[in-house]
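Undergrad: Mind looking over this structure? Questions follow.
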Amino acid sequence: MPDTNESNKTTSKGISRRNFFKGAGLLAATAAMAQLPLTGNNTVQAATANSINDLYEISKDFKRFDQKNEMFCRMEWDPKFMPPPKPLINTSMPGYSVLDQAAGFAGWTGTNSLGTQFGWRSGDEGFYSWASLGNTKPPQEPWQASPEEAAHVIKLYAQDLGIAATGITTVDIRFFYSHYFHRGTKKYGEIKISDTATKAELLPDGTRVIPSSMKYVIVMLASMPYEMMATAPYGVSHGGTGFGYSIMALYAATMAEFIRGLGYNAIPLGGDTALCVPQAIAAGLGEAGRNGMLISKVGARVRIFRVMTDLPLATDKPINLGVREFCKSCEKCARECPAQAIPYGDMTTEGPNISNHHGIKKWYVNAEKCRLFWNENGGITCIRCIATCPYNKPDGYWTHALGNKIAPILGGTLVTIDDMMGYGKIVETKDYWKRPLRN
Amino acid sequence: MGILGFFLGVLTSVMVYWLFVKEKNYQKWHTCVLAIIFIAWTVFTVDFVITSLLEGMPQAAAVSALIFGIGEIILFVLMRRFSKISLISFKSETKTSVSGK
(Lines give C-alpha, C1' and ligand atoms only; values in the text may rest on other atoms or scores of the structure.)
Protein backbone atom coordinates (compact mmCIF):
# COMPACT_ATOMS: atom_id res chain seq x y z
CA MET A 1 0.00 0.00 0.00
CA PRO A 2 1.48 3.37 -0.92
CA ASP A 3 2.36 5.74 1.93
CA THR A 4 -0.09 8.60 1.78
CA ASN A 5 1.30 10.41 4.83
CA GLU A 6 2.13 13.97 3.78
CA SER A 7 5.08 14.21 6.13
CA ASN A 8 6.69 11.13 4.68
CA LYS A 9 6.71 12.42 1.11
CA THR A 10 10.21 12.41 -0.32
CA THR A 11 11.89 15.10 -2.31
CA SER A 12 13.49 14.46 -5.67
CA LYS A 13 16.78 13.78 -3.82
CA GLY A 14 15.19 11.11 -1.66
CA ILE A 15 15.01 13.02 1.65
CA SER A 16 11.69 12.94 3.45
CA ARG A 17 10.26 16.24 4.61
CA ARG A 18 10.36 15.04 8.20
CA ASN A 19 14.05 14.17 7.97
CA PHE A 20 14.75 17.48 6.28
CA PHE A 21 13.25 19.39 9.21
CA LYS A 22 15.04 17.18 11.73
CA GLY A 23 18.36 17.86 10.01
CA ALA A 24 17.62 21.57 9.73
CA GLY A 25 16.73 21.71 13.42
CA LEU A 26 19.94 19.98 14.41
CA LEU A 27 21.95 22.26 12.15
CA ALA A 28 20.35 25.35 13.67
CA ALA A 29 21.02 24.09 17.19
CA THR A 30 24.64 23.30 16.29
CA ALA A 31 25.10 26.73 14.73
CA ALA A 32 23.68 28.39 17.85
CA MET A 33 25.98 26.38 20.11
CA ALA A 34 28.98 27.04 17.89
CA GLN A 35 28.37 30.77 18.18
CA LEU A 36 28.98 30.73 21.91
CA PRO A 37 32.77 30.46 21.79
CA LEU A 38 32.91 32.91 18.89
CA THR A 39 31.38 35.80 20.79
CA GLY A 40 34.76 36.44 22.38
CA ASN A 41 33.24 35.79 25.77
CA ASN A 42 32.78 32.11 25.56
CA THR A 43 31.20 29.81 28.04
CA VAL A 44 33.98 27.27 28.15
CA GLN A 45 37.11 29.22 28.82
CA ALA A 46 37.86 32.90 29.01
CA ALA A 47 39.68 34.41 26.07
CA THR A 48 43.14 35.71 26.93
CA ALA A 49 44.95 38.79 25.72
CA ASN A 50 48.66 39.52 25.66
CA SER A 51 48.37 42.75 27.59
CA ILE A 52 45.84 45.06 29.16
CA ASN A 53 46.20 47.30 26.07
CA ASP A 54 44.56 44.59 23.96
CA LEU A 55 41.45 44.68 26.12
CA TYR A 56 41.15 48.35 27.07
CA GLU A 57 41.47 51.53 25.05
CA ILE A 58 44.11 53.54 26.89
CA SER A 59 45.00 56.95 25.50
CA LYS A 60 48.62 57.81 24.72
CA ASP A 61 48.61 60.81 27.03
CA PHE A 62 47.37 58.68 29.93
CA LYS A 63 48.93 60.05 33.11
CA ARG A 64 49.68 58.41 36.43
CA PHE A 65 47.09 59.15 39.11
CA ASP A 66 47.92 61.33 42.07
CA GLN A 67 46.70 59.71 45.28
CA LYS A 68 45.90 63.16 46.65
CA ASN A 69 42.96 63.30 44.21
CA GLU A 70 41.57 60.00 45.41
CA MET A 71 38.19 60.71 47.03
CA PHE A 72 39.11 59.61 50.56
CA CYS A 73 42.18 61.86 50.46
CA ARG A 74 40.13 64.78 49.15
CA MET A 75 37.98 64.59 52.27
CA GLU A 76 41.16 65.65 54.13
CA TRP A 77 42.12 68.67 52.06
CA ASP A 78 39.45 69.67 49.54
CA PRO A 79 37.40 72.68 50.83
CA LYS A 80 34.47 71.39 48.77
CA PHE A 81 33.97 68.68 51.38
CA MET A 82 34.62 70.72 54.49
CA PRO A 83 32.80 70.39 56.72
CA PRO A 84 31.71 66.92 55.60
CA PRO A 85 27.98 66.14 55.48
CA LYS A 86 26.45 65.05 58.76
CA PRO A 87 25.06 61.54 59.21
CA LEU A 88 21.36 61.18 58.48
CA ILE A 89 21.01 57.94 60.40
CA ASN A 90 20.62 57.01 64.04
CA THR A 91 20.32 53.84 66.07
CA SER A 92 16.52 54.01 66.17
CA MET A 93 16.34 53.48 62.40
CA PRO A 94 15.91 49.98 60.93
CA GLY A 95 19.25 48.62 59.70
CA TYR A 96 21.25 50.96 61.94
CA SER A 97 20.48 49.60 65.41
CA VAL A 98 23.12 49.22 68.08
CA LEU A 99 23.42 45.55 67.12
CA ASP A 100 23.83 46.32 63.41
CA GLN A 101 26.37 49.06 63.90
CA ALA A 102 28.39 47.06 66.42
CA ALA A 103 28.60 44.19 63.93
CA GLY A 104 29.54 46.65 61.22
CA PHE A 105 32.35 48.48 62.94
CA ALA A 106 33.76 45.36 64.63
CA GLY A 107 34.45 43.89 61.19
CA TRP A 108 37.26 46.44 60.78
CA THR A 109 39.21 45.26 63.81
CA GLY A 110 41.90 43.44 61.85
CA THR A 111 42.60 46.30 59.53
CA ASN A 112 42.20 49.32 61.76
CA SER A 113 44.18 47.95 64.69
CA LEU A 114 47.90 47.46 65.21
CA GLY A 115 48.69 50.44 63.03
CA THR A 116 47.74 48.69 59.82
CA GLN A 117 45.15 51.24 58.62
CA PHE A 118 44.50 48.95 55.70
CA GLY A 119 46.85 50.80 53.41
CA TRP A 120 44.39 53.60 52.82
CA ARG A 121 47.01 55.94 54.09
CA SER A 122 50.11 55.34 52.06
CA GLY A 123 51.22 51.85 52.97
CA ASP A 124 54.26 50.72 54.93
CA GLU A 125 52.30 50.51 58.18
CA GLY A 126 51.38 47.58 60.43
CA PHE A 127 50.73 44.43 58.43
CA TYR A 128 51.64 46.36 55.28
CA SER A 129 55.15 47.04 56.57
CA TRP A 130 57.73 47.14 53.78
CA ALA A 131 60.27 45.66 56.19
CA SER A 132 60.18 42.13 57.57
CA LEU A 133 57.86 41.52 60.52
CA GLY A 134 60.40 38.98 61.78
CA ASN A 135 58.36 35.82 61.43
CA THR A 136 60.65 34.26 58.83
CA LYS A 137 64.39 34.52 58.62
CA PRO A 138 66.04 34.95 55.23
CA PRO A 139 68.10 31.87 54.31
CA GLN A 140 71.83 32.06 53.60
CA GLU A 141 71.11 31.33 49.94
CA PRO A 142 67.82 32.36 48.31
CA TRP A 143 65.49 29.53 47.37
CA GLN A 144 65.97 28.58 43.73
CA ALA A 145 63.22 27.55 41.35
CA SER A 146 62.11 28.19 37.79
CA PRO A 147 59.61 31.08 37.38
CA GLU A 148 56.87 28.55 36.56
CA GLU A 149 57.62 26.45 39.63
CA ALA A 150 57.84 29.52 41.86
CA ALA A 151 54.52 30.85 40.52
CA HIS A 152 52.91 27.49 41.19
CA VAL A 153 54.24 27.44 44.75
CA ILE A 154 53.00 30.98 45.43
CA LYS A 155 49.54 30.21 44.05
CA LEU A 156 49.31 26.94 45.92
CA TYR A 157 50.30 28.61 49.19
CA ALA A 158 47.73 31.35 48.56
CA GLN A 159 45.05 28.83 47.75
CA ASP A 160 45.66 26.86 50.93
CA LEU A 161 45.57 30.01 53.04
CA GLY A 162 42.05 30.60 51.70
CA ILE A 163 42.83 33.37 49.24
CA ALA A 164 40.05 33.35 46.63
CA ALA A 165 42.24 33.83 43.55
CA THR A 166 45.81 34.74 42.68
CA GLY A 167 47.32 36.17 39.51
CA ILE A 168 50.77 37.46 38.69
CA THR A 169 51.78 40.40 36.55
CA THR A 170 54.73 42.73 36.17
CA VAL A 171 55.07 46.38 37.11
CA ASP A 172 53.27 48.73 34.73
CA ILE A 173 54.35 52.18 35.84
CA ARG A 174 51.19 53.77 34.38
CA PHE A 175 49.14 52.24 37.17
CA PHE A 176 51.34 53.38 40.05
CA TYR A 177 50.33 56.54 41.86
CA SER A 178 52.52 59.45 40.80
CA HIS A 179 52.41 60.66 44.41
CA TYR A 180 51.24 59.24 47.70
CA PHE A 181 49.20 61.13 50.27
CA HIS A 182 49.08 60.04 53.91
CA ARG A 183 45.62 60.75 55.26
CA GLY A 184 46.82 60.67 58.85
CA THR A 185 49.96 62.82 58.70
CA LYS A 186 49.11 64.62 55.40
CA LYS A 187 52.58 63.72 54.13
CA TYR A 188 52.81 63.96 50.37
CA GLY A 189 55.57 62.72 48.09
CA GLU A 190 56.56 61.14 44.83
CA ILE A 191 56.57 57.41 44.12
CA LYS A 192 59.50 56.27 41.96
CA ILE A 193 60.49 52.97 40.45
CA SER A 194 64.29 53.18 40.42
CA ASP A 195 66.86 51.20 38.46
CA THR A 196 69.60 52.16 40.88
CA ALA A 197 67.87 51.52 44.20
CA THR A 198 68.64 48.22 45.91
CA LYS A 199 65.82 48.30 48.45
CA ALA A 200 62.43 49.90 48.92
CA GLU A 201 62.81 53.00 51.07
CA LEU A 202 61.57 56.44 52.00
CA LEU A 203 64.10 59.13 51.05
CA PRO A 204 64.64 62.20 53.28
CA ASP A 205 62.82 64.40 50.74
CA GLY A 206 59.72 62.26 51.17
CA THR A 207 60.09 60.29 47.93
CA ARG A 208 59.19 56.62 48.10
CA VAL A 209 61.54 54.48 46.03
CA ILE A 210 60.89 50.96 44.85
CA PRO A 211 63.72 49.13 43.07
CA SER A 212 62.86 48.11 39.52
CA SER A 213 64.15 44.62 40.35
CA MET A 214 60.92 44.15 42.35
CA LYS A 215 59.06 43.90 39.10
CA TYR A 216 56.68 41.06 39.90
CA VAL A 217 53.28 41.86 41.37
CA ILE A 218 51.30 39.04 42.95
CA VAL A 219 47.68 40.16 42.87
CA MET A 220 45.31 38.35 45.22
CA LEU A 221 41.61 38.49 46.00
CA ALA A 222 39.92 38.11 49.38
CA SER A 223 36.24 37.23 49.45
CA MET A 224 33.76 39.09 51.60
CA PRO A 225 30.87 37.34 53.41
CA TYR A 226 27.84 37.05 51.07
CA GLU A 227 25.13 37.28 53.70
CA MET A 228 26.58 40.39 55.34
CA MET A 229 27.00 42.10 51.97
CA ALA A 230 23.36 41.42 51.15
CA THR A 231 22.31 43.87 53.88
CA ALA A 232 24.02 46.83 52.15
CA PRO A 233 23.77 49.76 52.71
CA TYR A 234 22.86 48.93 56.33
CA GLY A 235 25.18 48.58 59.30
CA VAL A 236 25.91 44.87 59.07
CA SER A 237 27.25 45.16 55.51
CA HIS A 238 29.94 47.51 56.85
CA GLY A 239 31.25 44.54 58.83
CA GLY A 240 31.43 42.46 55.62
CA THR A 241 33.51 45.12 53.88
CA GLY A 242 35.68 45.62 56.94
CA PHE A 243 36.29 41.95 57.36
CA GLY A 244 37.37 41.74 53.70
CA TYR A 245 39.93 44.47 54.43
CA SER A 246 40.94 42.83 57.70
CA ILE A 247 41.56 39.42 56.24
CA MET A 248 43.41 40.79 53.23
CA ALA A 249 45.85 42.65 55.48
CA LEU A 250 46.68 39.38 57.21
CA TYR A 251 46.94 37.55 53.89
CA ALA A 252 49.22 40.21 52.39
CA ALA A 253 51.53 40.16 55.41
CA THR A 254 51.64 36.35 55.43
CA MET A 255 52.49 36.15 51.75
CA ALA A 256 55.16 38.84 52.11
CA GLU A 257 56.70 37.03 55.08
CA PHE A 258 56.66 33.75 53.12
CA ILE A 259 58.59 35.36 50.25
CA ARG A 260 61.02 37.02 52.65
CA GLY A 261 61.61 33.61 54.16
CA LEU A 262 62.61 32.36 50.71
CA GLY A 263 65.33 34.98 50.61
CA TYR A 264 63.64 37.64 48.44
CA ASN A 265 62.26 41.12 49.00
CA ALA A 266 58.53 41.67 49.33
CA ILE A 267 56.27 44.71 49.68
CA PRO A 268 52.68 44.03 50.72
CA LEU A 269 50.18 46.53 49.31
CA GLY A 270 46.59 47.18 50.34
CA GLY A 271 44.89 50.05 48.54
CA ASP A 272 48.10 52.11 48.49
CA THR A 273 50.98 52.83 46.08
CA ALA A 274 49.31 51.51 42.90
CA LEU A 275 45.81 51.15 41.50
CA CYS A 276 44.27 47.81 42.37
CA VAL A 277 41.82 47.19 39.54
CA PRO A 278 44.19 47.64 36.57
CA GLN A 279 46.77 45.40 38.25
CA ALA A 280 44.15 42.73 38.89
CA ILE A 281 43.07 42.94 35.24
CA ALA A 282 46.68 42.67 34.08
CA ALA A 283 47.13 39.62 36.31
CA GLY A 284 44.24 37.88 34.60
CA LEU A 285 41.82 38.02 37.51
CA GLY A 286 38.88 39.76 35.88
CA GLU A 287 37.55 42.90 34.28
CA ALA A 288 36.34 46.34 35.32
CA GLY A 289 32.57 46.43 35.65
CA ARG A 290 30.10 49.27 35.29
CA ASN A 291 30.40 49.92 39.04
CA GLY A 292 34.12 50.63 38.63
CA MET A 293 34.99 47.57 40.66
CA LEU A 294 36.72 44.38 39.63
CA ILE A 295 34.31 41.71 38.46
CA SER A 296 36.60 38.79 38.97
CA LYS A 297 36.62 35.23 37.76
CA VAL A 298 35.46 34.29 41.27
CA GLY A 299 32.68 36.87 41.36
CA ALA A 300 32.14 40.48 42.31
CA ARG A 301 32.44 40.17 46.08
CA VAL A 302 36.22 40.58 46.40
CA ARG A 303 38.88 42.88 47.82
CA ILE A 304 42.19 43.25 46.01
CA PHE A 305 45.61 43.23 47.64
CA ARG A 306 49.09 42.79 46.22
CA VAL A 307 52.64 41.78 47.05
CA MET A 308 55.52 43.17 44.98
CA THR A 309 58.62 41.02 44.88
CA ASP A 310 61.90 40.30 43.13
CA LEU A 311 61.28 36.54 43.23
CA PRO A 312 61.21 35.60 39.52
CA LEU A 313 57.69 34.42 38.66
CA ALA A 314 55.84 33.30 35.56
CA THR A 315 53.16 35.87 34.78
CA ASP A 316 49.51 35.52 33.78
CA LYS A 317 47.68 37.13 30.89
CA PRO A 318 44.62 39.36 31.06
CA ILE A 319 41.34 37.61 30.40
CA ASN A 320 38.13 38.59 28.71
CA LEU A 321 35.26 37.10 30.68
CA GLY A 322 32.69 39.12 28.75
CA VAL A 323 31.94 41.24 31.80
CA ARG A 324 31.89 44.54 29.89
CA GLU A 325 29.60 43.03 27.28
CA PHE A 326 27.24 42.01 30.05
CA CYS A 327 27.51 45.33 31.92
CA LYS A 328 26.44 47.15 28.74
CA SER A 329 23.01 45.58 28.92
CA CYS A 330 22.76 45.11 32.70
CA GLU A 331 22.83 48.51 34.48
CA LYS A 332 21.47 46.93 37.67
CA CYS A 333 24.14 48.57 39.85
CA ALA A 334 23.35 51.97 38.30
CA ARG A 335 19.67 51.45 39.04
CA GLU A 336 20.26 50.29 42.63
CA CYS A 337 22.98 52.77 43.68
CA PRO A 338 21.46 54.89 46.49
CA ALA A 339 23.74 57.81 45.56
CA GLN A 340 23.07 57.47 41.81
CA ALA A 341 26.84 57.61 41.35
CA ILE A 342 27.10 54.87 38.72
CA PRO A 343 26.56 55.89 35.10
CA TYR A 344 24.01 54.45 32.69
CA GLY A 345 24.82 54.14 29.00
CA ASP A 346 28.11 53.59 27.21
CA MET A 347 31.69 53.67 28.38
CA THR A 348 33.58 56.97 28.14
CA THR A 349 37.20 58.12 28.37
CA GLU A 350 36.53 60.99 30.77
CA GLY A 351 35.15 60.86 34.28
CA PRO A 352 32.99 63.46 36.04
CA ASN A 353 35.66 64.87 38.38
CA ILE A 354 39.34 64.84 39.45
CA SER A 355 38.88 61.65 41.46
CA ASN A 356 38.58 59.72 38.21
CA HIS A 357 41.57 58.38 36.32
CA HIS A 358 40.78 59.73 32.86
CA GLY A 359 42.10 58.26 29.64
CA ILE A 360 40.80 54.68 29.77
CA LYS A 361 37.59 53.73 28.04
CA LYS A 362 35.41 52.45 30.87
CA TRP A 363 32.51 53.43 33.09
CA TYR A 364 33.45 56.24 35.47
CA VAL A 365 31.79 56.29 38.84
CA ASN A 366 31.09 59.66 40.42
CA ALA A 367 33.22 59.16 43.52
CA GLU A 368 32.05 62.46 45.02
CA LYS A 369 28.41 61.36 45.11
CA CYS A 370 29.42 57.91 46.36
CA ARG A 371 31.63 59.17 49.17
CA LEU A 372 29.19 61.82 50.34
CA PHE A 373 26.51 59.19 50.65
CA TRP A 374 28.82 57.25 52.97
CA ASN A 375 28.96 60.28 55.25
CA GLU A 376 25.19 60.58 55.25
CA ASN A 377 25.09 56.84 55.93
CA GLY A 378 26.92 57.40 59.22
CA GLY A 379 30.35 56.35 57.93
CA ILE A 380 28.97 52.98 56.94
CA THR A 381 30.51 51.84 53.68
CA CYS A 382 27.90 51.24 51.02
CA ILE A 383 28.63 48.29 48.79
CA ARG A 384 25.19 48.06 47.26
CA CYS A 385 26.74 47.96 43.76
CA ILE A 386 28.60 44.76 44.65
CA ALA A 387 25.73 43.21 46.58
CA THR A 388 23.28 43.72 43.75
CA CYS A 389 25.60 42.69 40.89
CA PRO A 390 24.31 39.57 39.08
CA TYR A 391 27.88 38.22 39.30
CA ASN A 392 27.55 38.24 43.09
CA LYS A 393 26.18 34.90 44.19
CA PRO A 394 26.84 32.54 47.10
CA ASP A 395 29.92 30.37 46.67
CA GLY A 396 29.83 26.65 46.09
CA TYR A 397 26.94 26.33 43.61
CA TRP A 398 27.85 25.19 40.12
CA THR A 399 24.56 26.55 38.79
CA HIS A 400 25.68 30.09 39.67
CA ALA A 401 29.13 29.48 38.20
CA LEU A 402 27.44 28.44 34.96
CA GLY A 403 25.18 31.50 35.12
CA ASN A 404 28.24 33.77 35.43
CA LYS A 405 29.80 32.16 32.39
CA ILE A 406 26.77 32.52 30.15
CA ALA A 407 25.90 36.00 31.44
CA PRO A 408 27.43 37.83 28.43
CA ILE A 409 25.24 35.77 26.09
CA LEU A 410 22.02 36.24 28.05
CA GLY A 411 22.65 39.94 28.73
CA GLY A 412 19.59 41.85 29.87
CA THR A 413 17.51 38.66 30.02
CA LEU A 414 19.67 37.43 32.88
CA VAL A 415 19.06 40.66 34.78
CA THR A 416 15.30 40.20 34.39
CA ILE A 417 15.56 36.62 35.63
CA ASP A 418 17.89 37.74 38.44
CA ASP A 419 15.31 40.31 39.55
CA MET A 420 12.45 37.83 39.29
CA MET A 421 14.38 35.35 41.42
CA GLY A 422 14.91 37.96 44.11
CA TYR A 423 18.71 38.21 43.93
CA GLY A 424 20.21 41.56 44.85
CA LYS A 425 17.35 42.58 47.10
CA ILE A 426 18.29 44.32 50.34
CA VAL A 427 18.11 41.83 53.20
CA GLU A 428 16.61 43.61 56.18
CA THR A 429 18.85 43.25 59.20
CA LYS A 430 15.98 41.99 61.38
CA ASP A 431 15.74 39.07 58.94
CA TYR A 432 19.53 38.75 58.82
CA TRP A 433 19.74 38.13 62.56
CA LYS A 434 16.93 35.55 62.50
CA ARG A 435 18.61 33.21 60.00
CA PRO A 436 19.24 29.69 61.29
CA LEU A 437 22.80 28.59 61.94
CA ARG A 438 24.40 26.48 59.21
CA ASN A 439 25.76 23.84 61.56
CA MET B 1 25.00 18.69 49.21
CA GLY B 2 26.23 15.11 49.29
CA ILE B 3 22.66 13.85 49.60
CA LEU B 4 21.64 16.09 46.71
CA GLY B 5 24.42 14.62 44.55
CA PHE B 6 23.25 11.11 45.42
CA PHE B 7 19.64 12.01 44.65
CA LEU B 8 20.61 13.52 41.29
CA GLY B 9 22.62 10.39 40.52
CA VAL B 10 19.57 8.21 41.24
CA LEU B 11 17.38 10.51 39.13
CA THR B 12 19.82 10.30 36.22
CA SER B 13 20.00 6.51 36.48
CA VAL B 14 16.21 6.17 36.56
CA MET B 15 15.82 8.45 33.54
CA VAL B 16 18.56 6.65 31.59
CA TYR B 17 16.87 3.31 32.35
CA TRP B 18 13.46 4.66 31.37
CA LEU B 19 14.43 6.48 28.19
CA PHE B 20 17.19 4.24 26.87
CA VAL B 21 16.75 0.72 28.28
CA LYS B 22 12.98 0.54 28.47
CA GLU B 23 11.93 2.90 25.66
CA LYS B 24 14.98 2.13 23.47
CA ASN B 25 15.50 5.73 22.40
CA TYR B 26 19.04 4.95 21.30
CA GLN B 27 17.78 3.36 18.08
CA LYS B 28 17.12 6.68 16.30
CA TRP B 29 19.64 9.48 16.45
CA HIS B 30 17.10 12.27 16.95
CA THR B 31 15.31 10.56 19.85
CA CYS B 32 18.71 9.75 21.33
CA VAL B 33 19.74 13.44 21.23
CA LEU B 34 16.35 14.51 22.56
CA ALA B 35 16.55 12.00 25.41
CA ILE B 36 20.01 13.23 26.43
CA ILE B 37 18.80 16.85 26.43
CA PHE B 38 15.70 15.83 28.38
CA ILE B 39 17.78 14.07 31.05
CA ALA B 40 20.28 16.96 31.33
CA TRP B 41 17.47 19.54 31.50
CA THR B 42 15.61 17.60 34.19
CA VAL B 43 18.70 17.11 36.35
CA PHE B 44 19.63 20.80 35.97
CA THR B 45 16.10 21.91 36.86
CA VAL B 46 15.89 19.72 39.95
CA ASP B 47 19.39 20.77 41.02
CA PHE B 48 18.64 24.47 40.53
CA VAL B 49 15.39 24.33 42.48
CA ILE B 50 16.88 22.39 45.40
CA THR B 51 20.07 24.46 45.64
CA SER B 52 18.01 27.65 45.56
CA LEU B 53 16.06 26.33 48.53
CA LEU B 54 19.29 25.31 50.27
CA GLU B 55 20.77 28.79 49.87
CA GLY B 56 17.62 30.29 51.37
CA MET B 57 16.10 31.70 48.18
CA PRO B 58 12.58 30.22 47.90
CA GLN B 59 11.61 32.89 45.37
CA ALA B 60 14.50 31.80 43.12
CA ALA B 61 13.38 28.18 43.52
CA ALA B 62 9.82 29.03 42.49
CA VAL B 63 10.86 31.13 39.49
CA SER B 64 13.40 28.56 38.31
CA ALA B 65 10.78 25.80 38.63
CA LEU B 66 8.48 27.91 36.47
CA ILE B 67 11.07 28.89 33.84
CA PHE B 68 12.82 25.53 33.52
CA GLY B 69 9.50 23.71 34.02
CA ILE B 70 8.20 25.19 30.76
CA GLY B 71 11.24 23.78 28.97
CA GLU B 72 10.66 20.48 30.74
CA ILE B 73 7.08 20.28 29.43
CA ILE B 74 8.17 21.18 25.89
CA LEU B 75 10.88 18.51 25.94
CA PHE B 76 8.44 15.93 27.32
CA VAL B 77 5.90 16.73 24.60
CA LEU B 78 8.64 16.42 21.96
CA MET B 79 9.75 13.11 23.45
CA ARG B 80 6.19 11.82 23.30
CA ARG B 81 5.79 13.09 19.74
CA PHE B 82 8.94 11.50 18.39
CA SER B 83 9.45 8.39 20.49
CA LYS B 84 5.90 7.65 21.71
CA ILE B 85 7.15 7.35 25.28
CA SER B 86 4.62 6.84 27.99
CA LEU B 87 4.82 7.35 31.71
CA ILE B 88 2.99 4.07 32.34
CA SER B 89 4.57 1.35 30.27
CA PHE B 90 1.54 -1.01 30.06
CA LYS B 91 -0.35 1.64 28.08
CA SER B 92 1.80 1.06 25.01
CA GLU B 93 1.55 -2.72 25.48
CA THR B 94 -2.27 -2.48 25.59
CA LYS B 95 -2.29 -0.43 22.42
CA THR B 96 -0.10 -3.01 20.67
CA SER B 97 -2.37 -5.86 21.69
CA VAL B 98 -5.46 -3.94 20.51
CA SER B 99 -3.91 -3.12 17.17
CA GLY B 100 -2.74 -6.75 16.95
CA LYS B 101 -6.35 -7.87 16.89
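The values are calculated or read from the model by the stated rules, or taken from the named source; none is laboratory data. Just so it is clear, the structure is predicted and the values come from calculations on it, not from any experiment. Please note: Cβ atoms are built from the backbone with ideal geometry, for glycine as well, and neighbour counts cover all protein chains shown. Ligands, DNA and RNA are excluded from the accessible area calculation, which covers all protein heavy atoms including side chains. Shrake-Rupley method; radii C 1.70, N 1.55, O 1.52, S 1.80 Å.
Undergrad: List every residue pair whose Cβ atoms lie under 6 Å apart, where the two residues are 6 or more positions apart in sequence or sit on different chains, the first residue falls within segment A:251-263 and is of a type in the set (S, T, N, Q), and the second residue, located anywhere, is open to solvent by 20 Å² or more (accessible area, probe 1.4 Å).
TA: none
Undergrad: Is it fair to say A:GLY412 is under 19 Å from A:GLY289 (Cβ atoms), open to solvent by 20 Å² or more (accessible area, probe 1.4 Å), more than 14 Å from every other protein chain (Cβ to nearest Cβ) and more than 21 Å from the chain's Cα centre (by Cα)?
TA: Answer is yes for this residue.
Undergrad: I need every pair where a residue in segment B:30-51 that is more than 12 Å from every other protein chain (Cβ to nearest Cβ) has its Cβ under 6 Å from the Cβ of a residue that is at pLDDT below 95 and in a helix (DSSP H, G or I), sequence separation at least 6 or different chains.
TA: Close Cβ pairs satisfying both conditions: B:ALA35/B:LEU19; B:PHE38/B:LEU75; B:PHE38/B:MET79; B:ILE39/B:MET15; B:TRP41/B:GLY71; B:TRP41/B:LEU75.
Undergrad: Could you grab me the full set of residues in segment A:126-139 that are on the phi < 0 side of the Ramachandran plot and in contact (Cβ under 8 Å) with a residue 60 or more places away in the chain?
TA: The answer is A:PHE127, A:TYR128, A:SER129, A:TRP130, A:SER132, A:LEU133, A:ASN135, A:THR136, A:LYS137, A:PRO138, A:PRO139.
Undergrad: Name the residue that is farthest from B:LEU4 (Cα to Cα), counting only residues in segment B:57-78 that are facing another protein chain (nearest Cβ under 9 Å) and open to solvent by less than 50 Å² (accessible area, probe 1.4 Å).
TA: Ranking the candidates gives B:VAL63 first.
Undergrad: Kindly indicate whether A:LEU161 is of a type outside the set (D, E, K, R), open to solvent by 80 Å² or more (accessible area, probe 1.4 Å) and in contact with a Phe, Trp or Tyr (Cβ under 8 Å, 6 or more places away or on another chain).
TA: For A:LEU161, the condition - of a type outside the set (D, E, K, R), open to solvent by 80 Å² or more (accessible area, probe 1.4 Å) and in contact with a Phe, Trp or Tyr (Cβ under 8 Å, 6 or more places away or on another chain) - is not met.
A quick yes/no check of all residues on (1) open to solvent by 10 Å² or more (accessible area, probe 1.4 Å); (2) of a type in the set (A, V, I, L, M, F, W, C); (3) at pLDDT below 95; (4) part of a helix (DSSP H, G or I):
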site	(1), (2), (3), (4)
A:SER237	no, no, no, yes
A:ALA249	no, yes, yes, yes
A:MET255	no, yes, no, yes
A:PHE258	yes, yes, no, yes
A:GLY271	yes, no, yes, no
A:ILE281	no, yes, no, yes
A:ARG303	yes, no, no, no
A:ARG306	no, no, no, no
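Undergrad: Within segment A:394-409, which residues are of a type outside the set (Asp, Glu), within 14 Å of chain B (Cβ to nearest Cβ) and either in a loop (DSSP other than H, G, I, E, B) or open to solvent by less than 30 Å² (accessible area, probe 1.4 Å) (or both)?
TA: Residues satisfying the conditions are A:PRO394, A:GLY396, A:TYR397, A:THR399, A:HIS400, A:GLY403.
Undergrad: Here's a check for you: in segment A:197-219, which residue that is in a strand (DSSP E or B) and of a type in the set (D, E, K, R) is least open to solvent (accessible area, probe 1.4 Å)?
TA: A:ARG208
Undergrad: Kindly establish whether A:LYS155 is assigned to a helix (DSSP H, G or I) and open to solvent by 60 Å² or more (accessible area, probe 1.4 Å).
TA: Here the answer is yes, as A:LYS155 does meet what is asked.
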